[in-house]
1. Against the condition assigned to a helix (DSSP H, G or I) and at the interface with chain A (Cβ under 9 Å from one of its Cβ atoms), how does residue B:28 come out, does it pass?
2. Can you report the number of residues in the range B:458-479 which are part of a loop (DSSP other than H, G, I, E, B) and either at pLDDT 95 or above or within 12 Å of chain A (Cβ to nearest Cβ) (or both)?
3. Kindly indicate whether residue A:53 is assigned to a loop (DSSP other than H, G, I, E, B) and surrounded by fewer than 19 Cβ atoms within 10 Å (Cβ to Cβ).
4. With A:83, A:27, A:36 as the choices, which residue is within 14 Å of another protein chain (Cβ to nearest Cβ) and under 25 Å from residue A:504 (Cα atoms)?
5. Give the range B:223-242 a look and list any residue that's out of contact with any helix residue (DSSP H, G or I) (no Cβ under 8 Å at 6 or more places or on another chain) and surrounded by fewer than 20 Cβ atoms within 10 Å (Cβ to Cβ), or say none.
6. Considering the range B:443-457 alone, what residues qualify as being within 10 Å of chain A (Cβ to nearest Cβ), free of Cβ contacts under 8 Å to residues at least 60 places away in the same chain and in contact with a helix residue (DSSP H, G or I) (Cβ under 9 Å, 6 or more places away or on another chain)?
7. For the range B:248-257, state whether one or more residues are assigned to a loop (DSSP other than H, G, I, E, B), within 15 Å of the chain's Cα centre (by Cα), at pLDDT 95 or above and not assigned by TED's automatic domain parsing to the domain that holds residue B:215.
8. Look through the range A:656-667, keep the residues that are touching a helix residue (DSSP H, G or I) at 6+ places or on another chain (Cβ under 7 Å) and not in a strand (DSSP E or B), and return whichever of them is surrounded by the fewest Cβ atoms within 10 Å (Cβ to Cβ).
């Protein structure tokens, strides 16, 4: 597109082009901006950067105790290994030791005590990672063991919390429960989930003059890395520049917990004056870093003959690990989503942040929302089995209304509610009722293999619940050749954010996307950014970039009107050209004219989300700007002799508003669904009695592989449905909501198991539903049948 | 010294630590960073590369996990990495298909997928869904959910494989012929040594001379000692170039499989004989591992789980052990002594595995139970092989992996069946007898109670399958 290959077109030719639509703007299926580099291996991740001759590599020696006082650390033996440069303990950190994200609690290196197996105690830097590892293992560390708390139920009982509890309350749930026609109690364990981003945590730093630091990091939160690095090396934030080009996956795991390696490398670089890199080997990454919070849930529900809830008392106890990290907001979001798509009636929802001696659990796609939803979906199934109803009927009876029954238990009105409509459409397109009958018939004929089916909805609130985070900035320059530099505060972790934001800017300037270069997220270019999290990347940064582009475009329009002596309405940007009444000029020509006429071609842009607030005191507000909706229908096949299963078919209908890029959005929906399915099926975290994570690598922790995706997988986006709120081109956030579509597979497995008892007993499986849990579910149903048969005989 | 082609360029290595994996060699020694490290344990496929080997006048392309491959094993071969796929600045057809189908998101697993897809395209004849899933089972993607990647495989397989590798075929053949070794090669560095003998006699002699050497076959387990346990292996003898160990001979009554035959190649011969064994091998780790791992290695590794031993025990396989110039044949069940302990003597190695031919009435069945269908380690693997005459059990061989410290026959269970009518009463007695055979442990894969329950249930399933073969009762058969 540059000046070098500029073709000279006639006015007629250009006028014809102006009448055509831009091919790479908003709403188009543009490939990921790095796709060509991904496939050729040319995309550069941190570990692929050229190394310096005096580069150091850092290895952390980890605690092998779940809870202990540190009696002694002797790093002298480390220095006997050739190639070692430095070995540090918490005492060597020049600035602040704590790198807690919101509140303190996360020392960079253990300070006097260790609180989980895997906590970094010392860090050693050497000329190679292998040497650093060997030296770190040579250090002598002595402990005095303390009693650990390893189980969330025990922590709940002992009121062993990392943060205060919080409660949503509407009406009088105790009274509603007492007067309801039916009442059920139950409890449920929901497992955690390892992020398993393919690229492990990594940062590489270079000391600069003025005691500063350049930090290359794989992080969803460059500004927080900047702040924490500045704090640990004790300099103001303006001395630290953080650069983040791309992550090899994030999923929430790099929102706060990328900070450890970055700060560790920065401290060592500060102490040695040498460029320093810290990359976690896979097993260390899985041992050190936190995961999705496991939850323990207790419920007491009252409902009528249709299964409609009258009241609910719900306890959500999140296993936060040893420190707060983001657990305050995560357990909040579990509470905010304990209704999923249902009107709960009189409700008391209480969230606890339990402290255990395990890694500090952290953000993970859905951020507590999935756990809240699994709880209520489990309750829906339990009610349905108790009443002998199809769980889908019970779900539909409980859906939020559009006129009444449309206020959540935290007093936000559910607007633009699509859930009933969307369910009806999917019920028809997936032929749910016909297949439900066919499955019943199949199960009658098939003694060993049983099929199950389930359709579950998703309603997910969009916005950071920490309201101030809902802001973003961007920086746009147009250079004199008409090429555009675009920078924004969001980070690219594979979700296609850079592509979407570039499409937004392309649309505003009406130029092709290949004219736009999105550069690495950089704290020098856009300051004080929020993490790329809460599905907000495109919503926030897209708007900020749009505002920057509009500022420049307005200047160009004003200039053109002046220059050509026309009104501003006579100036139109269209398909790489600018039309000024009957005259058309190429975009770059206008840019050159503007430059020679001293028009500023650079602008920042800023955006804050309107309308949202939450009063934590009163537990009321509008924490979410809007809701995203979806529904999934999954069919599974279970072997009742072994508990093994296959995913036969999944149909998905998901709402992304007016899609910015349908190809990317479908990719998000499919990927999120499979990740959600993995969480609830094969992905099982197991700790041993000593608090050590036994599933600490991909040999023991299994994420879905290619054969695990549904054999028949049909994904549709809701069409012609703009977001009613003024979001970026009326699109909706897509990162997290479809994750919870995976719940359909978990409910379908329970449906297959329930078929063994003619659907009269609820299997009530804990999550994940591994083949082993499925088989125990089958055994439980068989025993319930046997007891029932005995009772009937006696009667 | 070893010689190999890196893409089209000849590389000669003389002074290189034989403990260096191909992944580290590429990334750290050569600065070729297209190949990614996701786990360094052969479980994620991000480091997948393709190795071309001379087979007569063709080049056979296979995927490998470069994190589990030592550089010495490249001697005489062509290593193709993701950097070698672009041609004159143009993406290769598999790369273009991944772009067209939106097959990459974060992009970190992508080079590995591209290489698996490249090998699939090179070896295949058009698009086949099952072959695609097999080719990609060892590549993990956390972003996409795989659908677009399958689409890309379909597009590239249908497009065909005419590319620069075809155009340069003759030149590459000539180069490979030129660098074929004609004697034992050594690669030494950092005080570590490795030998790559070409004949079994040389191997036997080397092993007598270096009794402390570690035998490197596929290396899919041995390499973990370096990459995961951070050990150094001072002396290695690579057996993958020993011609006699790579042959399969079929006789009237038996099949003899050389210990260094890759599992992929065992698949072909065993699938004809025992379809169930083929199904098991199909789910044995990933294609990258099966291309590399050998049947001999799987036995010699003496894992309590390793999936081929229970099947081979139920088939009554023998193995030939060789030491220097002498060899002995023993029943496989006599090979395993205790947890990772075997009867193998110093300087002794497995030369071949002898599997009996299938009888006319082939009652051999094997079942693998794991959390994930593909590329997972069994919680329990059960293999059953009964001979029946007039409804009576005349011979019984039943073996399990994952139920004891070694892969083990279920003697009590077998005794409960022998001479008895093959009916439900006998079945239930035999199921109960399993509790006398096994006291399994609980670990992260399964609880002991689950292991014992499914061991019995697999025997029940086996009976159902023999009695009503028309009724599919495996979830694996259903999709």
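The values are calculated or read from the model by the stated rules, or taken from the named source; none is laboratory data. Being a predicted model, the structure only gives us computed values, none of them experimental. Here the Cβ is made from the backbone with ideal geometry for all residues, glycine too, and neighbour counts use every protein chain on show.
1. Here the answer is yes, as residue B:28 does meet what is asked.
2. Number satisfying all stated conditions: 7.
3. Here the answer is yes, as residue A:53 does meet what is asked.
4. Of the residues listed, the single one that is within 14 Å of another protein chain (Cβ to nearest Cβ) and under 25 Å from residue A:504 (Cα atoms) is A:36.
5. Selection gives B:225, B:229, B:234, B:235.
6. B:447, B:449, B:453, B:456, B:457
7. There is no residue in the range B:248-257 that is assigned to a loop (DSSP other than H, G, I, E, B), within 15 Å of the chain's Cα centre (by Cα), at pLDDT 95 or above and not assigned by TED's automatic domain parsing to the domain that holds residue B:215.
8. Applying the filter and picking the extreme gives A:658.
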